[in-house]
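Participant: Shown below is the structure under consideration.
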Amino acid sequence: MLYPYITLADETEILHTDIKPNNVVEVHFERPHEDGFDTARCALPSYTWIKREGFADSEIDFFNDFLHSNAHLIYRYAQTGGADIAKSV
Amino acid sequence: MPSLFKYGGYLIYFWSNENDEPIHVHVGKGKPSANATKIWLTNAGGCVVAHNKSEIPVQDLRDIMEMIAAQHFWICVSGKNTLQWIGSSFTANTTSTVYPVLFSFYRKVLSIRTFEHPAYVPPAPSFLHPLKRGNEGEQHAANPSANAHKDSHRFHWDPAGFQPVPDGFLLVS
């Protein structure tokens, strides 16, 4: 199950999974463009990138910083089945 | 008006021509407005409600503030880059009675106690002094590498060690 987290100004949608075995949470970054989507996925808590398509290195660097600042909320919402405020949209 | 992100149907954005104020964002649903709920960013990595003219429900407001605090680092960078924001994030004027009263009001009425970023470490007794972001200096000495330093303070948040800052001085950076 994927839960919406936030949407950045460039329409990059950030979503996360439930907590998987070994306490892993995957965070998905999806940005639409004319031919489909740019996609990146990162597994926490190791911050391992398991998929990268279309995003520039500088964007991945930003996502890394983003994840370090947001991991506490992502884990909380992964545990509770997504943020209530995001689910109500 | 540079938008930052959307969260739960709310748009979080800057409003141009307000760069004579501390760094802040507006929050609202629908058409953006200069009168939408305003949230100041504090130097310590947290945020404070300046006003809630969008009348965002309390629970939503708390979630939004937590989310904004988590984005503190790039909101400040974005503000300075896109709006040429000269000032830094908010630093309390300890001679003013306005900010302590505002904070006290929101804390009591909305039960919002702590807006601090997880990386925020409660200030030492010298909280009236200019910002020292937690034990940054000590950690920096232990980890001279900039990246190692950044990582080292991010997840060493001990909720048990948190002590609410006295009324009126949460905003001190």
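Participant: How many residues are out of contact with any Gly (no Cβ under 8 Å at 6 or more places or on another chain) and either within 13 Å of chain A (Cβ to nearest Cβ) or in a loop (DSSP other than H, G, I, E, B) (or both) when one looks only at the range B:43-59? Steps first, please.
Facilitator: Of the range B:43-59, the ones out of contact with any Gly (no Cβ under 8 Å at 6 or more places or on another chain) are B:43-53, B:55, B:57-59.
Checking the rest, the ones that are also either within 13 Å of chain A (Cβ to nearest Cβ) or in a loop (DSSP other than H, G, I, E, B) (or both) come to B:43-46, B:52-53, B:55, B:57-59.
So the answer is 10.
Participant: Give the residues of the range B:1-42 that are in contact with a helix residue (DSSP H, G or I) (Cβ under 7 Å, 6 or more places away or on another chain), away from every other protein chain (no Cβ under 14 Å) and part of a strand (DSSP E or B), sorted by residue number.
Facilitator: B:39
Participant: Regarding residue A:38, is this residue of a type in the set (D, E, K, R) and away from every other protein chain (no Cβ under 14 Å)?
Facilitator: So residue A:38 passes the test.
Participant: A further question on this structure: Can you name the residue in the range A:5-30 that is within 17 Å of residue B:13 (Cα to Cα) and aliphatic (A, V, I, L, M) and is also surrounded by the fewest Cβ atoms within 10 Å (Cβ to Cβ) among such residues?
Facilitator: Here the answer is A:9.
Participant: So which pairs qualify, if the first residue must be in the range A:76-88 and more than 7 Å from chain B (Cβ to nearest Cβ), the second must be at pLDDT 80 or above, the Cβ gap must be under 6 Å, and the two must be at least 6 apart or on different chains?
Facilitator: Final answer for the pair search is A:77/A:83; A:78/A:16; A:78/A:18; A:78/A:19; A:78/A:25; A:79/A:19; A:82/A:3.
Participant: Residues to consider are A:86, A:43; find the one that is in contact with a strand residue (DSSP E or B) (Cβ under 8 Å, 6 or more places away or on another chain) and part of a helix (DSSP H, G or I).
Facilitator: Values: A:43 fails: part of a helix (DSSP H, G or I).
When all the criteria are applied, what remains is A:86.
The values are calculated or read from the model by the stated rules, or taken from the named source; none is laboratory data. If you're wondering where the values come from, they're calculated on a predicted model, not measured in any experiment. Glycine also receives a Cβ, built like all others from the backbone with ideal geometry; neighbour counts cover every protein chain displayed.
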